[in-house]
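Worksheet: one structure, shown below.
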Amino acid sequence: MLNLRWDKWIAACLILICQSALADHKVYSSPILNEANNLVDIVPQQSRQLATNFLTQRRLSEQTEKSPSSISRDEADARIRTPGGTIDAMRILAQAEFNLGNQIIALTQLENAAQLAEKHQLPYLKMEVQLLAIRLLWQMDNRHEQAKQKLLRLEHSLSEYRNQEQLAPQLRYEIEMLRADIASKEGNRALADEIYAEQGKYVFTVNAVKNTIDYHISVGTHLLNNKSYNLSLSELLTAYWMAIEDNSGAQLAKINSLLGQLFYERRVLDKANDHLSQAADFYDNYEKSPVLPTILKRMGDIYYYQGKYNLALVHYFNAIDHERIQNNLSHIIELRVALASTYLQLVNFPLAQQYLDKAKELLEYTDIPELKARTLLLESGLAYYQESPQQVIDLALQALELSQQVNSLTVQKRAYQLLYLGYELDKQYKKALGYLKQYNAMANIEQQQLDSISEDAFRQQKEFVEQTLHLVGQKQQLDNIESEFHKFQKIAFTLFLVCTLLFMFLLRRGHVVRLQKEEIDELNDDLYTHSRSGLKNLRMLNAKLPASLEESSHKFEKWHVGELIHEPLNDRLRFVMIDVPFLRNMYLQYGYAEGLKLEKAFGDFLQSKIQAPARIYHFSDANLLYIEASNEQNASPEYLYEKVQQWLMEFEPDRRLNRIVRIGMADYPFLPRAYTAINDKELVDILLMSTSAARTLSMKEHASQWVYLKAIENAPAASLATGNIRKACKHSISQGLIKVHSSYKNEESIKKLLKDD
């Protein structure tokens, strides 16, 4: 047997979720409080744990916050909690405890929070705490007048609080919404409608999406409880589509629960099941959510009403599996009664009796007349199947008396039906006929209530409301798109003009940069190349050589101290000073114009022979400086001499030129164990010494000559640190610290030449 009185329990649960209105959407700077506040109605046990952790794991700061705004009350430091943050945590903890059925603990928490607000002179927070305490206490005892008197006193306190007037409208709104909830609950619908309509103006002025959704939920719940299904449907569908657009899952689950109840009461069971399934899918994602068993119970009621008793049993048992997270005895009894009714319909009398006995046992601990009436009807039904007419009649009469006390139409109708069946079974047909007439009268009343708004009309209204909402949303969206499009046109046109000007500026700038680059390249050519040969000149050598030698020395130092694993042999440099006699005589021999051509051709020829990273500089009129990396291929000075000699032999072989070449060679680092002892100028001086010796030998022998100065492995840096590199070099040669290698076989003669130079 299905009873509509379960609606009251579902409505109470949903009202508990919805009645927080705008207060539920405050934003806290502490992520823990934000999460606890979001879970307070979905998983209050987890919310309680988070709020408790916030209070126990942080130290209370003595800093008093004058701003009552939630966003400024919480602290970023995870080690402390300000008084404002502490009060927020206690309020969340109180709501979680209340949702878990611990009403006394919840009120105690609020009392402590109010004392803390009083101590730290936070009047606005204190009034927020007092408002929440009034709401929770009213939900506990339903003393409407007492709650209204407290609201009047709170409103009077608010009127005296002028320090932060910008926050007063929000608190007044919450006070008025609670006053409207009280009026709705006590049956004063006209007053409730008036207050809700007035507060709607404030909500739409604030224009906060989540707050607006909560407002529509509150109004829709009020209309649903007063059986104004059409108006309630409009409010709830408005909230439904707004929640979808805002992607607000928690609010959407609340709305689906209310829409499920609305369609169930209107007996549009397929729609009711759709919305309840969506709500169940959301709450099923949260372990120990107290809302889920209520929704599962309602889905079981739908299947029971449709005659799908096995599906009803499945949902009832699923609700029983979750009922341990509820602290509500009436819900537990309701489930046992529903299971007994279902098994009775399945003609499984033992199980029906078993769950009925459990329900009766639990009813001894509470006084709920409607549930007692339903258990009496179940007993009467079992007696009817057991053909005990007197027991059927007695139990049905008791149930009828209780149902009349609570004014339950459905229970009265079922009682009259069992009385008719009982008297018929007892063969008292006259009395049976009287109760049958009363049963039919009650059935007609119920049918008239259902027929007052037909199911088809209700469905059509739902579609109309949804289409209207959709069209309104589409129109608003179109207006927004058109507005954005016009803005985009203006921005695009402005950007086009700016880009055009920028493009023209960039073209002009690019042209100027190109001209400047060409001019700079031309200046660099003039500045850093020899005016006749086109080779890099001495100015380029002075600019590049010190940095190159410094980099090479740095790498050798890193290898020496162990920062490099392998010795950088490829970074050793071979310096070659080349004296080309024909460059000195060609102008006298061929004339100025022909000499210019010949020198330029020789420079181009040498550049074609040089492969990077090797490089060559026109050091002076007849002297060239060639630098290349020292490796195994050119380790022998003879190899390098032969390469240079071959270059001269290949240059314009048909022209009569002096092919003699004088070469001076040295390596860098010059001292293997003291890399930085010789700088660039000193190295060039050593090359000039060796080239001078080669020139003297060449003039004596009338042939090409080369001289290569190489320091021994252990030559100390001090041997060349005298300030006069030429003198120091000659002294080191005499001491054997610098070895002289030459194409001339008489080493002593060469040493003498170097000493006399």
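The values are calculated or read from the model by the stated rules, or taken from the named source; none is laboratory data. All values reported here derive from a predicted model rather than from experimental measurement. Using ideal geometry, Cβ is built from the backbone for each residue, glycine included, and neighbour counts are taken over all protein chains shown. All accessible areas refer to the heavy atoms of the entire protein, side chains included, with ligands and DNA or RNA removed. Shrake-Rupley method; radii C 1.70, N 1.55, O 1.52, S 1.80 Å.
No other residue among Ala253, Ala272, Ala243 is open to solvent by less than 10 Å² (accessible area, probe 1.4 Å) and farther than 22 Å from Asn34 by Cβ apart from Ala272. Of the residues Ile738, Ile712, the single one that is of a type outside the set (D, E, K, R), modelled with pLDDT of 85 or more and open to solvent by 20 Å² or more (accessible area, probe 1.4 Å) is Ile712.
Within segment 627-651, count every residue that is outside any helix (DSSP H, G or I) and either among the polar types (S, T, N, Q) or touching a helix residue (DSSP H, G or I) at 6+ places or on another chain (Cβ under 7 Å) (or both). Counting residues in segment 627-651 that are outside any helix (DSSP H, G or I) and either among the polar types (S, T, N, Q) or touching a helix residue (DSSP H, G or I) at 6+ places or on another chain (Cβ under 7 Å) (or both) gives 7.
Restricted to segment 603-626, and to residues there that are in a loop (DSSP other than H, G, I, E, B) and either aliphatic (A, V, I, L, M) or over 60 Å from the mean Cα position of the chain (by Cα) (or both), the residue that is surrounded by the fewest Cβ atoms within 10 Å (Cβ to Cβ) is Ala612. Scanning segment 142-168 for residues that are hydrophobic (A, V, I, L, M, F, W, C) and open to solvent by 30 Å² or more (accessible area, probe 1.4 Å), we see that the one that is modelled with the highest pLDDT is Leu152.
How many residues, within segment 400-410, are at pLDDT 85 or above and in contact with a helix residue (DSSP H, G or I) (Cβ under 7 Å, 6 or more places away or on another chain)? Lay out the reasoning, then the answer.
Step one: filter segment 400-410 for residues at pLDDT 85 or above, giving 400-402.
Narrowing the set further to residues that are in contact with a helix residue (DSSP H, G or I) (Cβ under 7 Å, 6 or more places away or on another chain) leaves 400, 402.
The qualifying residues number 2.
State which residue is farthest from Leu154 (Cα to Cα) when the search covers only segment 194-220 and only residues that are open to solvent by less than 60 Å² (accessible area, probe 1.4 Å) and touching a His at 6+ places or on another chain (Cβ under 8 Å). Among them, the one singled out is Ala208.
Residue count for segment 117-156 under the criterion of being assigned to a helix (DSSP H, G or I), under 42 Å from the mean Cα position of the chain (by Cα) and not polar (S, T, N, Q): the result is 22. The set of residues in segment 281-312 that are buried (at least 20 other Cβ atoms within 10 Å of the Cβ) and aliphatic (A, V, I, L, M) comprises Val291, Leu292, Ile295, Leu296, Met299, Ile302, Ala312. The number of residues in segment 368-409 that are at positive phi and polar (S, T, N, Q) comes to 1. So how many residues does segment 571-591 have that are of a type in the set (Asp, Glu) and open to solvent by 10 Å² or more (accessible area, probe 1.4 Å)? Qualifying residue count for the region: 1.
Pairs meeting the criteria (first residue in segment 227-248 and outside any helix (DSSP H, G or I), second residue not β-branched (Val, Ile, Thr), beta carbons under 9 Å, at least 6 apart or on different chains) are Lys227/Glu265; Lys227/Gln449; Ser228/Arg189; Ser228/His222; Ser248/Lys210; Ser248/Met242.
Tell me the residue from Glu682, Glu713 that is in a loop (DSSP other than H, G, I, E, B) and in contact (Cβ under 8 Å) with a residue 24 or more places away in the chain, please. Please lay out each step first, then the result.
Values: Glu682 fails: in a loop (DSSP other than H, G, I, E, B).
Testing whether each residue is in a loop (DSSP other than H, G, I, E, B) and in contact (Cβ under 8 Å) with a residue 24 or more places away in the chain leaves just Glu713.
Within segment 109-136, being open to solvent by less than 20 Å² (accessible area, probe 1.4 Å) and closer than 25 Å to Leu292 by Cβ holds for one residue alone: Leu136. Looking at this structure, is Leu236 surrounded by 23 or more Cβ atoms within 10 Å (Cβ to Cβ), modelled with pLDDT of 90 or more and over 24 Å from Glu97 (Cα atoms)? Answer is yes for this residue. The set of residues in segment 671-723 being among the aromatic types (Phe, Trp, Tyr) and under 13 Å from Ile750 (Cβ atoms) consists of Trp706, Tyr708.
Restricting attention to segment 725-745, which residues are of a type outside the set (D, E, K, R), without any contact (Cβ under 8 Å) to a residue 60 or more places away in the chain and in a loop (DSSP other than H, G, I, E, B)? Don't jump to the end; show me each part of the working.
Filtering segment 725-745 for residues of a type outside the set (D, E, K, R) gives 725, 728-729, 731-738, 740-744.
Next, from what is left, pick out any that are without any contact (Cβ under 8 Å) to a residue 60 or more places away in the chain: 725, 728-729, 731-738, 740, 742, 744.
Selection gives Gly736, Leu737, Tyr744.
Within segment 271-317, the set of residues being basic (Lys, Arg) and either closer than 26 Å to Gln46 by Cβ or assigned to a helix (DSSP H, G or I) (or both) comprises Lys271, Lys288, Lys297, Arg298.
Sort through Leu171, Leu191, Leu178 and tell me the only one that's of a type in the set (A, V, I, L, M), surrounded by fewer than 18 Cβ atoms within 10 Å (Cβ to Cβ) and closer than 14 Å to Leu151 by Cβ.
Numbers: Leu171 fails: surrounded by fewer than 18 Cβ atoms within 10 Å (Cβ to Cβ); Leu178 fails: surrounded by fewer than 18 Cβ atoms within 10 Å (Cβ to Cβ).
Exactly one of Leu171, Leu191, Leu178 is of a type in the set (A, V, I, L, M), surrounded by fewer than 18 Cβ atoms within 10 Å (Cβ to Cβ) and closer than 14 Å to Leu151 by Cβ, namely Leu191.
I need the full set of residues from segment 341-368 which are crowded, with 19+ Cβ neighbours inside 10 Å and within 15 Å of Gln386 (Cβ to Cβ), in order please. Selection gives Tyr343, Leu344, Ala352, Leu356.
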